[in-house]
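Below: one structure, written as structure tokens.
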Amino acid sequence: MRRIYTGEALERKKPVIVLGATGLVGQRVIAMLEGHPWFTLGAVAASDRRIGARYGDAVQWKVETPPPAAALDVRLTPATPDASAQGALVVSALPADEARELEPLWAQAGAVVLSNASAYRMADDVPLIVPEINPDHLAMIETQRMRRGWPGALITNPNCSTIGLTLALAPLRLFGLRRVIVTTFQAVSGAGYPGVPSLDMIDNIIPYIGGEEDKLETETRKILGGVLPDAFQPLGAKETRISATCVRAPVRDGHLEVVSVELAARPDVDDIVRAWRAFTAEPQRLSLPNAPAAPLVYREERDRPQPIADRMAGDGMSVSIGRLRAHDTLTHSFVLLSHNTIRGAAGAALLNAELALARGLLD
Ligand SMILES: NC(=O)c1ccc[n+]([C@@H]2O[C@H](COP(=O)([O-])OP(=O)(O)OC[C@H]3O[C@@H](n4cnc5c(N)ncnc54)[C@H](OP(=O)(O)O)[C@@H]3O)[C@@H](O)[C@H]2O)c1
């Protein structure tokens, strides 16, 4: 029988190859690998112009804490696989176009790839995982391997706004989720580095982020839906209507979302808060290293959550929720906040890697 790992350290840590290692998400992955009980930094790759450069010279480090000393002298390698890919663990923080081309090459060469990119999130044989919600979707890997002939695998994590939204919605399914209307206020770091020009962002709000609204709607349906051995069963459009508006705000890190929901069972405010506070799942049961003790933190203060105050809740892995109000017996509104490069990206990919390891998918 396969061993199920819980939070304890492994005797030999698994090296992680980081693609897109110089970007904002890649940097977070490297920061989060420091001191990880199961994983250690292996190779780092970025665009071809960086090959051979020292990581410490190539990166414009933007994480609040200093870069791990061990990463500084590592030399950047090509983002294409070589013989070392067989059995490797890869975290991809590549832009979508590069991910579309390169991630299948790694899976074909035998690596298990945990991807932050949007390229394959909606593919019909690629799991899109939030470990607290749909770990069962990992079953699709068998079909993926059969269909594509990959010895490795490709597992994706959602868009940075989708993760916060789906975590807040997951416990509300119990009340019958009929309608979701969400407006996001997304941090500038969500666009990568250098990202949005400062002259467009200072003293401003941009009421459009290309492709984002569609991702929020379709990814949410896939994550909250079911899975058969060879097909995902997304949440039906008639069953649950979802509408999103995405806005860029002059905030460094932390996506805030204003959400209204229509719930068939007409719960009161206390029922909903209780459901959020009681919500834990497989990552918590397995004590996965990056699993927050409380995936959802409900705050009573009337002016929370806020990016500055709440983005680091649960080391950036918890979603903070507040301002729950009942408009009538059917409709409630609330505000949520999650750290876009931690829970929304690097931490999401690492938690997926931990889940994959705990389930024996990296053996
Ligand atoms: N930022 C977020 O909050 C967030 C959240 C969720 C998901 N994501 C997704 O995560 C991915 C990375 O986002 P990011 O914000 O870290 O972007 P970023 O700051 O722009 O970083 C992009 C990275 O990709 C590398 N790269 C660019 N072109 C390449 C090529 N042709 N071959 C190999 N590497 C190449 C860059 O290397 P160079 O330094 O050499 O150019 C850099 O390391 C994207 O797919 C994004 O949509 C981002």
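Here are a few things to note about the model shown:
- Only one entry in 153, 139 is surrounded by fewer than 16 Cβ atoms within 10 Å (Cβ to Cβ), assigned by TED's automatic domain parsing to the domain that holds residue 108, touching a residue at least 60 places away in the same chain (Cβ under 8 Å) and away from the ligand (no atom under 14 Å from the Cβ), namely 139.
- Selected residue (only one of 205, 209, 223 is away from the ligand (no atom under 16 Å from the Cβ), assigned by TED's automatic domain parsing to the domain that holds residue 245 and either under 18 Å from residue 255 (Cα atoms) or buried (at least 22 other Cβ atoms within 10 Å of the Cβ) (or both)): 205
Residue-wise test of (1) without any contact (Cβ under 8 Å) to a residue 40 or more places away in the chain; (2) buried (at least 19 other Cβ atoms within 10 Å of the Cβ); (3) farther than 30 Å from residue 10 by Cα; (4) not basic (Lys, Arg).
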residue	(1), (2), (3), (4)
240	no, yes, yes, yes
254	no, yes, yes, yes
268	no, no, yes, yes
275	no, no, yes, yes
286	no, yes, no, yes
302	yes, no, yes, no
307	no, yes, yes, yes
312	yes, no, no, yes
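- Residue within the range 162-179 that is outside any strand (DSSP E or B), within 16 Å of the ligand (Cβ to nearest atom), hydroxyl-bearing (Ser, Thr, Tyr) and out of contact with any helix residue (DSSP H, G or I) (no Cβ under 6 Å at 6 or more places or on another chain) present: no
- Those residues of the range 315-363 which are out of contact with any Ser or Thr (no Cβ under 6 Å at 6 or more places or on another chain) and of a type in the set (D, E, K, R), in sequence order: 315, 323, 328, 343, 354, 359, 363
- Residue that is nearest to the ligand (Cβ to nearest atom), among those in the range 43-66 that are of a type outside the set (A, V, I, L, M) and buried (at least 19 other Cβ atoms within 10 Å of the Cβ): 50
- Residue within the range 95-103 that is more than 16 Å from the ligand (Cβ to nearest atom) and touching a Leu at 6+ places or on another chain (Cβ under 9 Å) present: no
- The set of residues in the range 173-190 being surrounded by fewer than 18 Cβ atoms within 10 Å (Cβ to Cβ) and within 20 Å of the chain's Cα centre (by Cα) consists of 183 alone.
Here is a yes/no grid of residues against (1) within 16 Å of the ligand (Cβ to nearest atom); (2) assigned by TED's automatic domain parsing to the domain that holds residue 189; (3) of a type in the set (Phe, Trp, Tyr):
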{"residue": "311", "(1), (2), (3)": "yes, yes, no"}
{"residue": "314", "(1), (2), (3)": "no, yes, no"}
{"residue": "321", "(1), (2), (3)": "no, yes, no"}
{"residue": "325", "(1), (2), (3)": "no, yes, no"}
{"residue": "330", "(1), (2), (3)": "no, yes, no"}
{"residue": "334", "(1), (2), (3)": "no, yes, yes"}
{"residue": "350", "(1), (2), (3)": "yes, no, no"}
{"residue": "354", "(1), (2), (3)": "no, no, no"}
{"residue": "363", "(1), (2), (3)": "no, no, no"}
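- Any hit, the range 184-193, residues being in contact with a strand residue (DSSP E or B) (Cβ under 6 Å, 6 or more places away or on another chain) and away from the ligand (no atom under 11 Å from the Cβ): yes
The values are calculated or read from the model by the stated rules, or taken from the named source; none is laboratory data. Given the structure is predicted, the values throughout are model-derived calculations rather than measurements. Neighbour counts are summed over all protein chains in view; Cβ atoms, including those assigned to glycine, are modelled from backbone coordinates with ideal geometry.
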